[in-house]
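The values are calculated or read from the model by the stated rules, or taken from the named source; none is laboratory data. Small disclaimer: the values here were computed from a predicted structure and weren't measured. Here the Cβ is made from the backbone with ideal geometry for all residues, glycine too, and neighbour counts use every protein chain on show.
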């Protein structure tokens, strides 16, 4: 029956079109740089704030390199009484804690910032 062949061809075309749209959307997000989920970003900030010597964490930036690879960057304000070796140890500790909690985070960049003085 030629009618069934026609309907089957249309259905196959629809399935292929839907699949192409889904694949194109996922590829576009990966090429442009999809952000990590809100849960991952909030967790990174919480881990940073729990680190001794960190007074404030902001400016979290995340991007997917691949479906299971995330690069993260954030601004941290450290206590004024900390010295460079203490800050270095804090950053290393934070990197280890983030990567143990979120193995998909392959790199964490920390930008220290100073508290803005208000007059």
Residue 33 vs (1) closer than 27 Å to residue 61 by Cβ; (2) surrounded by 10 or more Cβ atoms within 10 Å (Cβ to Cβ); (3) at pLDDT 90 or above: all pass except (3)
Restricting attention to the stretch 60-86, report how many residues are surrounded by 15 or more Cβ atoms within 10 Å (Cβ to Cβ), at pLDDT 90 or above and farther than 17 Å from residue 37 by Cα. 4
Quick count over the stretch 1-60, residues being within 30 Å of residue 83 (Cα to Cα) and either in contact (Cβ under 8 Å) with a residue 24 or more places away in the chain or not in a loop (DSSP other than H, G, I, E, B) (or both), is 20
